[in-house]
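A.B. asks: Pasting a structure below so you can have a look.
The values are calculated or read from the model by the stated rules, or taken from the named source; none is laboratory data. As the structure is a computational prediction, the values presented were derived from the model and not from experiment. FYI the Cβ positions are ideal-geometry reconstructions off the backbone, even for glycines, and counts take in every protein chain you see. SASA here: full protein model, heavy atoms, side chains in, ligands and nucleic acids out. Shrake-Rupley method; radii C 1.70, N 1.55, O 1.52, S 1.80 Å.
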Amino acid sequence: MKRLFDSGDCGRNSSQSPAIDRNMTKVKSFMTHRKAETPADCQDSRAIHPGNRAIAVADGVSQSMFPKIWADMLTESYVHDRTFSLEDGEKIARLRDGWWKFFAARLESKRKENSPMLWHFENSFAEEKSAAATFVGIRMTGGGIKYEALGDSCLIVVRHGMIEQLISSMPEGAGFDNYPDYIDSHPAAGIRGTLRRGTLEMSHGDKLFLATDALSARFDEERSKPDKGKSLVEAIDKIGSEKDFILFVDKLRDEGMSDDDTTLVCVEWENSPGFQVLNETPAAAPRLKRHHGRYEKKGRKKSMEKNIGKNGRKTGRL
């Protein structure tokens, strides 16, 4: 599958911004990783397809098996296939089959290499350990968007410069807990939680932000303040480069935002048939550590429930 933007590229070079067409919907994309991590630890994914007017962001749950691969498969499928949905059992089954074939191929390569980590891959494969990811995606229609969201990757709606709505699969007002919903690569596991789908009408000047959990939590905090996040939105509007975004994220972290992988796609709506991507930047993301049988993102927790394996057998998670 050809990628328009290769979310697997975790380098630090940003592309040169094109001339702006003020009559088109404009899209900016930014990603950065935890300070303590490296680009090789990247588990986030985002995909943008101007032709299909589709955008998707996924946060692979680190320390599950190959979460980056699973996250990439979800985002790329969503933007390339106009009918793809996380609720489409047949298409998700094909993705899961592809993920397991990747796992089998990786195991075989470790055998040929006589890798010192072979025991880990063999045990994980035998125990049917899988991948997991949260997700948010949008498709633009004539006068609005269709969206779907799962877990703590969120869609933020901004009107008149203020945060009007934060859309996720979490109940309204529930806040960001330690146990987000996710979709699993294991065929018997399915979706943890309930996928949220809907439509939104859009008007000239409206904005949409697709964000992973650390920044989504900050949006959630800001929308309850008297200015309804206006100062945060204004700060985002000023971001024009990867360096700007890193400085922006570092400032939020200094103010208490989780030191986590941080992904943001910004959409400024115009009533036009297409959209223009102003820039895109790669990213790296954090790991999880194991704690009392659960899986914790450093700075935030993410639980990983047990899978049901073949013949009804429960299998643990890495």
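A.B. asks: What's the center-to-center distance, using Cα atoms, between the range 54-82 and the range 184-224 in Å?
C.D. replies: If you average the Cα positions of each part, the centres end up 14 Å apart.
A.B. asks: Please report, as a whole percent, how much of the solvent-accessible surface of the range 56-150 comes from carbon and sulfur atoms (probe radius 1.4 Å).
C.D. replies: Details: 1970 of 3720 Å².
Its accessible area is 53 percent carbon and sulfur atoms.
A.B. asks: Can you pull the one-decimal nm distance between simple spin-label points at residue 85 and residue 177, each 7 Å off the Cα toward Cβ?
C.D. replies: About 2.6 nm, to one decimal.
A.B. asks: Keeping every protein chain present and rolling a 1.4 Å probe, give me the accessible area per residue for the range 126-235 in Å². If you can, show how the numbers build up before the last one.
C.D. replies: On the way: 4110 Å² over 110 residues.
Heavy-atom SASA per residue in the range 126-235 reads 37 Å².
A.B. asks: Can you give the convex hull volume per residue for the Cα atoms of the range 110-264, as a whole number of Å³? Write out the running numbers ahead of the final one.
C.D. replies: Values: hull volume 27.9 nm³, N = 155.
Hull volume over Cα atoms, normalised by residue count, gives 180 Å³.
A.B. asks: Okay, moving on. How high is the relative contact order of the range 67-187? Use alpha-carbon pairs under 8 Å, at least six apart in sequence, and give a whole percent.
C.D. replies: 24 percent
A.B. asks: Residues of the range 32-55 with the amide nitrogen closer than 11 Å to a label point 7 Å from the Cα of residue 24, along Cα-to-Cβ, please.
C.D. replies: The answer is 50-51.
A.B. asks: Right, something else. Mind checking the full-extension length gain between residue 224 and residue 204? Use 0.36 nm per residue of separation minus the Cα-Cα distance, one decimal, nm.
C.D. replies: 4.7 nm
A.B. asks: Shifting gears a bit: Quick one: pull the percent of accessible area on the range 232-284 belonging to carbon and sulfur, 1.4 Å probe, ligands and nucleic acids left out. It would help to have the intermediate numbers written out before the result.
C.D. replies: Working: 1000 of 1960 Å².
Taking all protein chains in place, the range 232-284 shows 51 percent carbon and sulfur surface.
A.B. asks: Enter the accessible area per residue of the range 27-69 (Å², integer; probe 1.4 Å; all protein chains in place).
C.D. replies: Details: 1010 Å² over 43 residues.
Accessible surface, normalised per residue, equals 24 Å².
A.B. asks: Give, in whole angstrom and from largest to smallest, the semi-axes √(5λ) of the equivalent ellipsoid of the range 106-178, with λ running over the eigenvalues of the Cα gyration tensor. Mind dumping the intermediate values first?
C.D. replies: Numbers: eigenvalues 353, 51, 20 Å².
With the √(5λ) rule applied to the range 106-178, the semi-axes are 42, 16, 10 Å.
A.B. asks: What base-10 log of the normalised intensity I(q)/I(0) is obtained for the range 206-267 from the Debye formula, alpha carbons as equal point scatterers, at q = 0.15, 0.16, 0.20 Å⁻¹?
C.D. replies: -0.41, -0.47, -0.77
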